[in-house]
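Just so it is clear, none of the values below were taken in a lab; they were calculated from the coordinates. Quick caveat: nothing in here was measured; it's all calculated off a predicted structure. Don't worry about glycine lacking a Cβ; one is built from the backbone with ideal geometry, like all the others, and counts go over all protein chains shown.
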Amino acid sequence: MNEGGILLAMTYRQLKRYFRAKSRLIGTIVNPLIFFLFLGMGWSFSLGGGLSKQLFGGIDYLAFLAPGITVMTIFTSSLVGGISVIWDKEFGFLKEVLVAPASRTYAIIGRAFGDSLTSVLQGAIVLCMMYLLVPGLKLEGSLPALALGLVTALSFNGLGIAIASKMRSPEGFQLIMSLITLPLIFLSGAFYPIDRLPSAAKIIFYMNPLTFAVDSTRYFLTGVNSIPLIADISALIILCIGFITVSVRIFERSTIE
């Protein structure tokens, strides 16, 4: 099979696996909405309209939170998607990929692209619900926001694949993902503005790659941002190239046990 064929085949396989797993589809959509309703509604009513707009750059808290919830959906789905590598090891599919006379590079890129498309689809569904729940979000910002969501998904799916390629236990992978996801989400500016943080804390937030995804998505959907847009986009593209390159290098060195 040529390079284009293996890339399309792996992309199609990941998409097909996703749509067959109805529970995964439901869970990854319902969980962010529950988070949005409990956290967003509570803080929105507590802060009140005037104070909320003063704290969050002229928009209310629900509008401030909606982009963060959308990015969180894409991020968690793409990062955890790497677990499929471990399951493929368990069921022997990975062995078939490694011994096949086809490029491992295109195989892993196809896998990452397929998983990333499903993550963006989940983000798009959640974003549509955000438009229904939050008045004032910019409809014209949805396409560029989802385009950056695809870059974000490719980045973190590459990271997930790189980690999973070195592991054999799904339980161990899930534990590591839990240790990674919560700090990255809470230190991304998804729930509170970075501008009002102390200078020392801002450095930690700016070192978090998810911060750039949240900030740029918020700009496209609300017009509010803390970092110049060109810096956000440049950082995401560089991270995407870096994480995908690392995942390809690690996968190419994988051996059959």
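So what is the relative contact order of region 145-257, in percent, for Cα pairs below 8 Å that sit 6 or more residues apart? Walk me through the intermediate numbers first.
Numbers: 98 pairs, mean separation 47.7, N = 113.
It rounds to 42 percent for region 145-257.
Residue separation times 0.36 nm, minus the C-alpha to C-alpha distance between Leu39 and Met207: what's the value?
Extending this stretch completely gives an extra 58.0 nm.
Relative contact order (percent) for region 3-252, with alpha-carbon contacts under 8 angstrom and 6 or more residues of separation? Please list the in-between numbers first.
Values: 336 pairs, mean separation 67.9, N = 250.
Relative CO of region 3-252 lands at 27 percent.
At 7 Å along Cα-to-Cβ for each site, give me the label-to-label distance between Ser234 and Tyr192 in nm.
For Ser234 paired with Tyr192, the spin-label model returns 3.0 nm.
Along the charge dipole of region 3-252, which of Gly68, Trp43, Ala9 sits closest to the positive end, that is, farthest toward it, with unit charges on the beta carbon of Lys, Arg, Asp and Glu (+1, +1, -1, -1)?
Working it through, the farthest residue towards the positive pole turns out to be Ala9.
Quick check for region 3-252: number of Lys pairs with alpha-carbon distance under 22 Å, counting only pairs 8 or more apart or on different chains? Walk me through the intermediate numbers first.
Values: Lys16/Lys89; Lys16/Lys95; Lys53/Lys138; Lys53/Lys202; Lys89/Lys166; Lys95/Lys166.
Taking region 3-252 as the scope, the lysine pair count is 6.
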